[in-house]
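See below for the structure under consideration.
The values are calculated or read from the model by the stated rules, or taken from the named source; none is laboratory data. None of these values were measured; they are calculated from a predicted model. Cβ: placed from backbone, ideal geometry, glycine included. Neighbour counts: every protein chain shown. Only protein heavy atoms, including side chains, enter the accessible area calculation; ligands, DNA and RNA are left aside. Shrake-Rupley method; radii C 1.70, N 1.55, O 1.52, S 1.80 Å.
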Amino acid sequence: MTREELKEKANDLPLAPGVYLMMDKTGRVIYVGKAKKLKNRVSQYFQDTAAHSGKTRAMVANIDRFDTIFVSSEFEALVLENSLIKRHMPRYNILLKDDKGYPFVRLSQESYPRFSLVNRMADDGARYFGPFGGRHETRLALEAICSALRLPTCSRKFPRDIGKERPCLNYHMGRCDGFCRGELTEEEYTRRMEQAAALLEGKGKKLIRDMTAKMAEEAENLRFEQAAALRDRINAIKALSNKQTVIAGICADTDVWGVYRGAGKSCCAVLHIEDGQLTGRETQLFSAYNEESEEEMLAAVTSQYYLPRAMLPREILLSADSGDCAELSEVLTQRAGHKVWVHVPQRGEKAELLAMAARNAREEAERATSAAERSDHTLMTLARMTGLDAPPERMEAYDISNTGSSDIVASMVVYQGTKPLKSAYRRFQIKELDGHPDDYASMQEVLRRRLQRATDGDEKFLPLPDLFLIDGGVTHACAAQEITAQFDCHVPVFGMVKDDRHRTRALVTPEGGEIGIDTNQAVFSLIGQIQEETHRFAVTYHHQKHGKNALRSSLDDIPGIGPKRREVLRKRFGSIRAIREAGIEELSSVLPQPTAEAVWRHFHSQQEQT
C-alpha cells in the first residue's frame, strides 16, 4: 500500500479500543501496539514524520500494510497486545529475553512426583510454577526448598529403587530423610511435596502456621521425635527468607521497578521485597539505546514480565506512570486471585525504594556499556540533532583570541570521534586585519586559509571534517558559511553558544535555528569539552605570542641584544619582570659581562626615571 492509502485506511478506523499490527512487504509483523482510540493512534504514524523519533521513522518506512483487532476495553487490549508480542516477536517492539531465560518448575503427577526445570508449560497433566528468573537462580531455590523439607534431589527413581542401595551422601549430611530406605511412607513424601509446592506458590507464611500447629499437636501427644523433626523443618523454611540465593519471584510481596536509559545500553531493574527485606534482584539489559521514554519502556516491559506468570506480588511500584497502571492492576488481580496494586509512589520509603531500583538499573547498564558504545551513542545522537546522515567521524572547532588590536590569533582543534586529535591541531596568526580587531573577519581569514591549503593538497589540512564548530553565535556561523560556500564546501557549520555562566548551552545554525543540547548529557558534555579545548588552545597561543612580542619590544633598544640573545633571555627568565629583577651576576650567567651590565643599566635607569 502507498503512504496515502495507509493514511486513508487509518483515518477510516473507529474511535474504539483495540490492537494494531504493522507489517512489512513480506507480511512479517514488525510492530504491535494498543490504543484507547485506534483511529487517533494509528493515523499519527502517517502524519508529518518530522516529529517522530529515528526508530519510529525507520519503522514507518518499512510498513506495507497494517491490521487491527477491536476489543471491548483497554483491559482486553493490554492482554491481547502482550499475547501478540510474544507470538510475533516484532522487530520494533521492546522485547524481554525469550522463555529460555524464564524457566518454569514442573511437578510431575505420578507416584513419588519430582520437580524439574522446563522452558515452557505443556498440557501433560503436571503442575507448573513460574516462570521465574534465570535457570541458575531457580535451581538454587529449588535445592534450598528440598533441603529445608529434607526431600530427595538424587537421581533415584521411586518406588523402583527403594531399599536397593545404601542412602546417598545427602542423607548422611542431614539434607534428606532417606526415602530410599523405605522407612518413610509415600503419604509422608506426598505431604512434603505439597509443602514444597506451597512455598513455590508464595504460601510460606501459611505453611509455617500449619506446621507449627502440627508440631504442637505432636508434642501434646508426646511424640517428641516427630515434633522435633517438624521444628527443624520450620526453622529451615524460615531461614530461606534470609538466603539471597532464593529467587525472590517465588515469594515476593512487593516488586520495585527502576529504569535507566544510558549511552549504548538501557536497563530495567526489579527489586523483590518480602516482609520488608530485599530478597532478590532481576535486571533486563537492552543492547541498544532506546528512544522510548521511561513511561513507554515500563508499559512494554511490565506487561511482558507479569502477564505470563502464575505467581504475582501484591504490590508493584513503578518509577513513572506507564499509562496502564489501572488496566494492569485489574488483569493481574484476576490472574493472581488476590489484589495486585500497580502504582507510582511520590514520597516516603516507597519512593526511596524506587531510587534504589533506579541506581541498580544504572549500575548494571553502565557496567555492561563499553567506552566504544558510549562514544557511538553520543555521535549518533549528535548526528540526529544536527541532521547529519551519519555520525561525524571528524569535527573541527575554531576560536579567536586577541588583546585589543594586537596579537590576534586563532586556534583549530580537531576531534576524531569523541577524542581530541592533538597531532592535527593548528594555530593561525591573523595577518589581513588593519590595526583593529574583528572576530568575524578573523574567522573568515582562518577558514579561507584552511580550505585553500586543503584545496592545494596540503596533507596537514586533509581530510575535510564532517562538521565545523565555531565559537560564537549566528553571526559567527554565517561568516564561516560564506567562506565554505566560496570553496563549494558542503560541510555543515554550527555556532557554539554559551549561557550567562559561560557554559555551552546550544548549537546554532547560520539561518538562526537553535539546537538545545542540554537535554542530552552526553552531547552536552562533548560540545562543552570541544569548546573549552578550543578556547584553551587559542588563549595559550595568544599568551605565548603576546609574551614574545612584549619581550622583543622591551629589549630592542639595548646594545648587544639581538634575536639570538633575546631567545636566550626568554628561555632563561621567561618574562620581562624576571629579567628586570635579575642581578648582574644572574644576567652574566647567560650573557657576556658587558652585555649583562647594559641590560641591567637599561631597566634600572628606566626605574630611576620612573
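Only residues that are open to solvent by less than 90 Å² (accessible area, probe 1.4 Å), over 21 Å from Leu107 (Cα atoms) and in a helix (DSSP H, G or I) were counted in the stretch 171-216, giving 10. Sub-8 Å Cβ pairs linking a first residue in the stretch 470-499 that is open to solvent by 30 Å² or more (accessible area, probe 1.4 Å) to a second residue that is small (Gly, Ala, Ser), at least 6 apart or interchain, are Asp471/Ala397; Asp471/Gly495; Val474/Gly495; Val474/Gly512; His476/Gly495; Pro492/Gly387, ordered by first then second residue.
Flag: Glu586 matches the condition of being part of a helix (DSSP H, G or I), open to solvent by 70 Å² or more (accessible area, probe 1.4 Å), modelled with pLDDT of 85 or more and touching a helix residue (DSSP H, G or I) at 6+ places or on another chain (Cβ under 9 Å).
Let's see how each residue does on (1) within 27 Å of Leu382 (Cα to Cα); (2) part of a loop (DSSP other than H, G, I, E, B); (3) of a type outside the set (S, T, N, Q):
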site	(1), (2), (3)
Gln444	yes, no, no
Ala454	yes, no, yes
Gly457	no, yes, yes
Ala477	yes, no, yes
Ala485	yes, no, yes
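Yes/no per residue for (1) assigned to a strand (DSSP E or B); (2) at positive phi; (3) among the hydroxyl-bearing types (Ser, Thr, Tyr):
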{"position": "His377", "(1), (2), (3)": "no, no, no"}
{"position": "Met380", "(1), (2), (3)": "no, no, no"}
{"position": "Leu388", "(1), (2), (3)": "no, no, no"}
{"position": "Ala397", "(1), (2), (3)": "yes, no, no"}
{"position": "Ile400", "(1), (2), (3)": "yes, no, no"}
{"position": "Ser411", "(1), (2), (3)": "yes, no, yes"}
{"position": "Val414", "(1), (2), (3)": "yes, no, no"}
{"position": "Arg427", "(1), (2), (3)": "yes, no, no"}
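Of everything listed in (1) touching a helix residue (DSSP H, G or I) at 6+ places or on another chain (Cβ under 7 Å); (2) buried (at least 20 other Cβ atoms within 10 Å of the Cβ); (3) at pLDDT 80 or above, the single unmet condition for Arg231 is (2).
Applying the criterion of at least 2 residues that are open to solvent by 20 Å² or more (accessible area, probe 1.4 Å), out of contact with any helix residue (DSSP H, G or I) (no Cβ under 6 Å at 6 or more places or on another chain) and within 24 Å of Ala299 (Cα to Cα) to the strands (runs of 3 or more DSSP E) found wholly in the stretch 1-81 leaves 65-70.
Can you tell me which residue within the stretch 343-354, out of those that are in contact (Cβ under 8 Å) with a residue 12 or more places away in the chain and part of a helix (DSSP H, G or I), is surrounded by the fewest Cβ atoms within 10 Å (Cβ to Cβ)? Please lay out each step first, then the result.
Of the stretch 343-354, the ones in contact (Cβ under 8 Å) with a residue 12 or more places away in the chain are 343-345, 350, 353-354.
Now drop any that are not part of a helix (DSSP H, G or I), which leaves 350, 353-354.
Numbers: Lys350: 16, Leu353: 20, Leu354: 21.
The selected residue is Lys350.
Quick check on the stretch 389-407. Is at least one of its residues of a type outside the set (A, V, I, L, M, F, W, C) and open to solvent by 80 Å² or more (accessible area, probe 1.4 Å)?
Taking the stretch 389-407 as the starting set, the residues that turn out to be of a type outside the set (A, V, I, L, M, F, W, C) are 389, 391-394, 396, 398-399, 401-407.
If we keep only those that are open to solvent by 80 Å² or more (accessible area, probe 1.4 Å) too, we end up with 389, 393.
Yes, some residue in the stretch 389-407 is of a type outside the set (A, V, I, L, M, F, W, C) and open to solvent by 80 Å² or more (accessible area, probe 1.4 Å).
Scan the stretch 310-326 and tell me whether some residue there is open to solvent by less than 30 Å² (accessible area, probe 1.4 Å), within 17 Å of Leu80 (Cβ to Cβ) and hydrophobic (A, V, I, L, M, F, W, C). No: zero hits.
Residue under question is Thr333, and the condition is that it be free of Cβ contacts under 8 Å to residues at least 24 places away in the same chain, open to solvent by 10 Å² or more (accessible area, probe 1.4 Å), of a type in the set (Ser, Thr, Tyr) and out of contact with any strand residue (DSSP E or B) (no Cβ under 8 Å at 6 or more places or on another chain); does it hold?
Here the answer is yes, as Thr333 does meet what is asked.
Does Tyr289 count as modelled with pLDDT of 85 or more and not aliphatic (A, V, I, L, M)? Answer is no for this residue.
Looking only at residues in the stretch 135-169 that are assigned to a helix (DSSP H, G or I) and without any contact (Cβ under 8 Å) to a residue 12 or more places away in the chain, the one that is nearest to the chain's Cα centre (by Cα) is His136.
Let's see how each residue does on (1) at pLDDT 80 or above; (2) closer than 29 Å to Glu296 by Cβ; (3) polar (S, T, N, Q); (4) in contact with a strand residue (DSSP E or B) (Cβ under 7 Å, 6 or more places away or on another chain):
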{"residue": "Leu96", "(1), (2), (3), (4)": "no, yes, no, yes"}
{"residue": "Arg114", "(1), (2), (3), (4)": "yes, no, no, no"}
{"residue": "Tyr128", "(1), (2), (3), (4)": "yes, no, no, yes"}
{"residue": "Thr153", "(1), (2), (3), (4)": "yes, no, yes, no"}
{"residue": "Gly174", "(1), (2), (3), (4)": "no, no, no, no"}
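If only one of Ala358, Ala320 is of a type in the set (A, V, I, L, M, F, W, C) and outside any loop (DSSP other than H, G, I, E, B), which one is it? Give the derivation first.
Values: Ala320 fails: outside any loop (DSSP other than H, G, I, E, B).
None of the others qualify; the one that does is Ala358.
Put simply, of Asp456, Asp434 the only residue that is open to solvent by 50 Å² or more (accessible area, probe 1.4 Å), over 26 Å from Asp499 (Cβ atoms) and modelled with pLDDT of 90 or more is Asp456.
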